[in-house]
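Presented below is the structure to which this report refers.
Where a number appears in this text, it was derived from the coordinates with a stated rule and is not lab data. Note that this is a predicted model, so its numbers are computed, not measured. Cβ atoms come from the backbone with ideal geometry, glycine included; neighbour counts cover every protein chain shown.
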Amino acid sequence: MPELPEVETIRRGITPHVVGKKITDVIIRDRRLRRPIPKGLEKKLIGRKLRDLERRAKYLIFYFDRGALILHLGMTGSLRILTRDIPPGKHDHVDFVFGKKTRLRFRDPRRFGCILWTEDNPQQHELLRNLGPEPLGKELTGDYLFVKSRKRTQAIKAFLMDSRIISGVGNIYANEALFTAGIHPGKKAGRITRAQCTKLVAGIKDVLKRAIAKGGTTLRDYVNSEGEPGYFRLELKVYDRKGLPCYRCGTLIKSQRHGQRSSFYCPRCQR
DNA sequence: AGTGCGGCCTGTCCGC
DNA sequence: TGCGGACAGGCCGCAC
């Protein structure tokens, strides 16, 4: 569910509630996530102070005075700040308790998320080590994308969503960025011109920044750490708009699948 | 090496 | 109203 703007919104929402505070309790009700929650995690966390909360791609990294928690929300994960102890629902798998008044609750119906612990540099963790550059960072440029995409036969959309190339670009925003750049999602990555790469990178950065500013996109169940939806859905140009007129030219938006993911595009504006 | 697919899960929606 | 099937925002790991 949550893509980069949603994860970033959650990070910003949670930070003032938990950074600088000490974990007083950890309640794990179900350890069965995409990878099982490590045994004894409770013991490692209790008594530790949270120093910082960072995002890398769609991972959240909780830096403690020693060790770090790596958390991914998968498709349906959410993190909520509770100011009192509300009875947990069916899929509320973990509570991180920061004293009497603050509780961070992890919910994940589909259990595609993961929660890991490392005492080494988390950026070097096997799941993070091979991630490509952050899309909003300086490293991602049109030239970078151009060089990386040469000789690639993959559809450009699948290529954009490959986390080793660029980290953190999911299905919604890949579709939106391709519309902005006027590129058909099925076009082979190796055939994108340098100028198109520049436009595409600008499109990726722009759509992600605007989505963060609106608190992310809520399609069905995404909510931020305060339980509120994001409003970027109202600004989506193609995603989930199959059969509706393109805002730019009026042609009906089409949908087709690329690598098991739905693509949405305007057949006239995107070539 | 690059590519494409299956699978992990539950919930929801649609058509019959 | 019930039921099967398709689909969903992610991503790992495998086989070719």
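So the values come out like this:
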quantity: Summed side-chain charge close to residue A:47 - residues other than residue A:47 whose Cβ falls under 11 Å, Lys, Arg +1, Asp, Glu -1; calculated: +3
quantity: The stretch A:142-234: relative contact order in percent, alpha carbon pairs under 8 Å with at least 6 residues between; calculated: 28
quantity: Residue order, fewest to most beta carbons within 10 Å, for A:44, A:101, A:151; calculated: A:151, A:101, A:44
quantity: Alpha carbon convex hull of the stretch A:4-124, projected area averaged over orientations, nm²; calculated: 6.6
quantity: Restraint check, A:21/A:101; A:21/A:44; A:209/A:254; A:21/A:100; A:148/A:205; A:22/A:214, Cα-Cα greater than 22 Å; calculated: A:209/A:254; A:22/A:214
quantity: Principal semi-axes in Å for chain A [√(5λ), Cα gyration tensor, largest first]; calculated: 36, 20, 15
quantity: For q = 0.24, 0.27, 0.28, 0.32 Å⁻¹, Debye-computed log10 I/I(0) when each Cα of the stretch A:172-217 counts as one equal scatterer; calculated: -0.79, -0.94, -0.98, -1.17
quantity: Cβ charges +1 (Lys, Arg) and -1 (Asp, Glu), total dipole of chain A, debye; calculated: 700
quantity: A:231, A:239 arranged by Cβ crowding within 10 Å, fewest neighbours leading; calculated: A:231, A:239
quantity: Choice from A:147, A:94, A:169 showing the highest fluctuation, given a GNM over chain A with Cα pairs closer than 10 Å; calculated: A:147
quantity: Calculated FRET value between residue A:86 and residue A:191, using beta carbons and R₀ = 41 Å, to 0.05; calculated: 0.15
quantity: Likely footprinting exposure, A:75, A:161, fewest C-beta neighbours within 10 Å first; calculated: A:75, A:161
quantity: Estimated [θ] at 222 nm from DSSP helical runs (n ≥ 4, -39500 (n - 2.57)) normalised by residues in chain A, nearest 500; calculated: -7500 deg cm²/dmol
quantity: For chain A, built as a Gaussian network whose Cα springs stay under 10 Å, the top-fluctuating residue of A:156, A:70, A:192; calculated: A:192
quantity: Charge dipole (debye, nearest 20) of the stretch A:213-271; +1 at Cβ of Lys and Arg, -1 at Cβ of Asp and Glu; calculated: 540
quantity: Whole-number Å³ per residue for the convex hull built on Cα positions in the stretch A:58-102; calculated: 84
quantity: Rh by Kirkwood over Cα pairs, then Stokes-Einstein D for the stretch A:77-136 at 0.890 mPa s and 25 °C, µm²/s; calculated: 178
quantity: Estimated dipole of the stretch A:106-174 in Debye, rounded to 20 [Cβ of Lys and Arg +1, of Asp and Glu -1, Cα centre]; calculated: 440
quantity: Overall dimensions of the stretch A:126-211 as given by Cα atoms, namely Rg and Dmax in Å; calculated: 11.5, 35
quantity: Cα pair distances of the stretch A:95-247 binned at 5 Å [whole percent]; calculated: 2, 8, 15, 18, 17, 16, 12, 7, 4, 2, 1, 0
quantity: Contact order relative to length of chain A, as percent, for alpha carbon pairs under 8 angstrom and 6 or more apart; calculated: 18
